[in-house]
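In what follows, a single structure is set out as structure tokens and then discussed.
The values are calculated or read from the model by the stated rules, or taken from the named source; none is laboratory data. Being a predicted model, the structure only gives us computed values, none of them experimental. Every residue, glycine as well, gets a Cβ built from its backbone with ideal geometry; the counts of neighbours run over all protein chains shown. For the accessible areas, the whole protein counts, side chains as well, though only heavy atoms, and no ligand, DNA or RNA atoms are used. Shrake-Rupley method; radii C 1.70, N 1.55, O 1.52, S 1.80 Å.
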Amino acid sequence: MISFRSSPSTAPPPREDAWITSYQKLLPHWHSVSLSHQHSTLPISISRVNQFDAARLDIEMSAMLKEQLVKVFSLMKPGMLFQYEPELDAFLEFLIWRFSIWVDKPTPGIALMNLRYRDERAVEIRENVRTGLEGPGLTVAQKMWYCIAAVGGQYVWARLQSFSAFRRWGDSEQRPLARRVWGLMQRIEGLYKAASFGNLLLFLYTGRYRNLIERALRARLVYESPNMNRAVSFEYMNRQLVWNEFSEMLLLLLPLLNSSTVKSVLHPFSKNKSSSSTEDDSTCPICRASPTTPYLALPCQHRYCYYCLRTRCAAAPSFRCSRCSEPVVAMQRHGSIVEHKTHNQ
């Protein structure tokens, strides 16, 4: 026989305004979650190579503009622009700053690397980003301070260094004030280099702020377009670097070579040997002029200028005749029987 017990009384229904109370309790938590989500920054990584390449391209652009500007004054007095070189560099840097950063545009190198400057302080305040690349550009104050530091600071330091070197402040023992200023300049330069080295290590670790100016102004380089690939050809730059290294190698090796020795080595392989035998013997084979003080190279007795033969014999003890490639062991005045001089004297 099944018996049924009476069920306990059911719970009373909630009040009509219970949801309002629950909403008021959850509202602070909702605000905190939404604010934390809104203030979360997206981690972005800007290529360090792109930032270094942008700086290098800006330097190359400034050098090209300087080269073209110097050509304008090529017909003027030589060396006139040398004393105004700091002013010329500052003028070119100011032009690049005026038509790029001041008008909210990237510099040529930064534009080629698909980068732009962003005010990192405004991003930290707003923190309302989707791709991590949003954010306003530099403010007017940041642009002015950038010009003062990058253009004016470099100009003042370059002019101060040239002036102190010209006045020899470091060697002036009679003027202690100048020597103290020189020592202070050396300390400031050492501190700046140490700070730049530390900033470089931080940049390699974090990828932010290439130099101290950018770090002080909180001006960070970010991508202009997140979908743009790095499509810059370095073929011209590589070719230019190869030719520069090759020319420097030639400038190093050419002073070490003796033209007469090279000619004597290549003489047996020359095709026009008959022309050398029929060459006019009345001219000096070195300067190709008629000898004013003729001397004969012994034992081949070919005629030379005294100074041409003397300098070649003094420069190369194993000098060979430029006409017949015979070793020159002595030299004799033309038309003289007694006078006899060796090149070792």
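Odds and ends about this structure:
- Think of region 83-123 as having a plus end and a minus end, set by charges on the Cβ of Lys, Arg, Asp and Glu; of L92, I110, V123, V123 sits farthest toward the positive end of this dipole.
- Computed accessible area, M64, all protein chains, 1.4 angstrom probe, square angstrom: 100
- Sorting K143, K77 on solvent-accessible area from highest to lowest, probe radius 1.4 Å, gives K77, K143.
- For Y23, solvent-accessible area (1.4 Å; no DNA, RNA or ligand), Å²: 130
- Heavy-atom SASA rank of R239, R168, R116 (probe 1.4 Å, accessible area, largest first): R168, R239, R116
- HN-Hα J in Hz across region 134-145 - Karplus 6.51, -1.76, 1.60, θ = phi - 60°, x for Gly and Pro: 6, x, x, x, 6, 7, 5, 5, 5, 5, 5, 5
- Counting only protein chain heavy atoms and rolling a 1.4 Å probe, the accessible areas of V72, V181, V151 rank, largest first, as V72, V181, V151.
- C147 sits with roughly 20 Å² accessible to a 1.4 Å probe, with DNA, RNA and ligands left out of the calculation.
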